[in-house]
1. Mind listing the long-range amide H neighbours of Val159? Cut-off is under 5 Å, sequence gap 5 or more, other chains count too, H placed in the peptide plane at 1.01 Å from N.
2. Over the Cα atoms of region 122-198, compute the convex hull volume and normalise it per residue, giving Å³.
3. Would you kindly derive the ³J(HN,Hα) couplings of region 35-51 from the backbone phi angles with the Karplus curve 6.51 cos²θ - 1.76 cosθ + 1.60 (θ = phi - 60°), listing them in order in whole Hz, with x for Gly and Pro?
4. Give me the distance in nm between label points sitting 7 Å out from Cα along the Cα-to-Cβ direction at Arg61 and Leu241, one decimal.
5. Karplus couplings for region 141-152 from phi (6.51 cos²θ - 1.76 cosθ + 1.60, θ = phi - 60°), rounded to Hz, Gly and Pro as x?
6. Could you tell me the calculated FRET efficiency between Thr140 and Arg52, based on Cβ-Cβ distance and R0 = 45 angstrom, to the nearest 0.05?
7. Between region 307-330 and region 246-285, what is the C-alpha centre distance in whole Å?
8. Name the long-range amide H neighbours of Thr20: under 5 Å, sequence gap of 5 or more, or other chain; modelled H, no Pro or chain starts.
Amino acid sequence: MATPVRYLPSAWVRFWRPATVALDLGTDAFRLAYPGTRSLLEIPARAVIDSRNQVAAIGKRALHMEERLPETWRAVLPVEVGHLSHPPAARQLVRLLLRQLQRRRLWKPRLQLATPVGMTPMERTVLSGFLKELPVREFTFADGSVAQCLGAGLQPAGVPGMMVVDIGAQRTGVCILSFGRPVVHEHWTAGGHNWTTALRGAIEDEHRVRVPRLVVEAWKRTGGDGHLPVQDRLTGQLRLLDLPAGFAAEALEKSTRALIEHLTGVFVRCPPALRMDVQNRGILLVGNGGLLPGLRQRLQADLGLAVHLPDDPGRVLVRGLAKLAQLREAGARALEATAEPPVDLFPLEA
């Protein structure tokens with residue numbers, strides 16, 4: 001007697017079907033987003049290496065241990081300046097994210113990643129070799145600037161000229177897009193970590209105190225308001241330091257001026273027609289470095305361009321990658337027929 005054929009319910013088929021998820025390998029955090037939803041998994045991109053050169057802790061635990069380690073241990077960033085600096089730690093972080101996601105709905109998903117500005121073929125080969133060792137079915141790359149525009153609610157394919165400024169933790173990238181294609185791009189080693197280091201050095205040298213990096217980072221994002229907990233360098237006692245208003249802006253003046261000079265140089269070197277489009281539409285500022293209080297207003301005043309800062313600039317990349325994955329899975333034509341028309345945040349004047 002033949003065995004009857006049993007068909008799985010459609011809900012089970014959808015549950016087990018490998019889907020595409022977006023992955024952002026950031027310097028500060030690794031992020032994973034599922035297309036079509038607002039769900040997002042995030043873990044601090046930190047790792048602690050013990051005296052045997054083994055990974056002792058990752059994620060939040062490693063972040064809290066950062067300045068509380070024995071002499072023979074060290075804290076590392078799995079991704080530095082946009083490149084893999086410690087693949088074993090990065091692999092453990094990504095596996096942890098995938099386990100959390102697979103526990104919910106997926107098994108061996110496809111990955112949608114972004115290629116950073118200025119990525120060389122050799123660096124891409126190293127990244128591909130790293131991804132092949134992960135429990136995923138396949139992976140694809142997309143342009144990071146295009147994904148950031150999508151994550152901010154823009155539609156770069158229909159815009160003649162758009163300037164994207166990405167201020168990351170250790171690197172700043174500038175890309176000018178024309179109808180969804182990068183025309184001019186440049187990057188340099190400077191970012192939020194450099195600003196935190198400069199601000200921490202100014203506080204410790206001028207007031208003869210010691211202050212943890214994480215405390216300075218949190219104080220920097222509030223605009224330098226409130227008291228700062230520090231340790232006196234001479235007595236070793238803890239106290240609250242009241243810094244004058246404008247101390248943070250004065251300490252970061254050199255870094256801010258260097259950023260403006262770089263942006264001015266990129267803007268001047270682009271073709272005249274593209275320069276006019278950028279001047280009409282302004283700049284899209286993304287990355288957690290854009291959250292520095294007063295930076296957006298300073299860029300607008302010195303560059304003479306409108307600067308748009310999304311609500312969550314640090315997560316626009318992974319959300320944009322999730323939108324790209326949704327386009328590829330559902331089909332561009334079917335999605336455009338059902339989706340709302342995109343909103344142009346930089347409309348041309350009539």
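1. So Val159 has HN proximity to Phe179, Gly180.
2. On the way: hull volume 10.9 nm³, N = 77.
Measuring per residue, one finds 142 Å³ for the Cα hull of region 122-198.
3. Listing the rounded values in order: x, x, 10, 9, 5, 8, 9, 9, 9, x, 7, 9, 8, 10, 10, 7, 5 Hz.
4. Roughly 3.2 nm, to one decimal.
5. 10, 9, 5, x, 5, 5, 5, 5, 5, 4, x, 8
6. Working: r = 37 Å, r/R0 = 0.82.
About 0.75, to the nearest 0.05.
7. Region 307-330 and region 246-285 have Cα centres separated by 23 Å.
8. Close amide H contacts, sequence-distant or interchain: Arg110.
Each value in this text was obtained by applying a stated rule to the coordinates, not by laboratory testing. Just so you know, these numbers come straight off a predicted model, no measurement behind them. Using ideal geometry, Cβ is built from the backbone for each residue, glycine included, and neighbour counts are taken over all protein chains shown.
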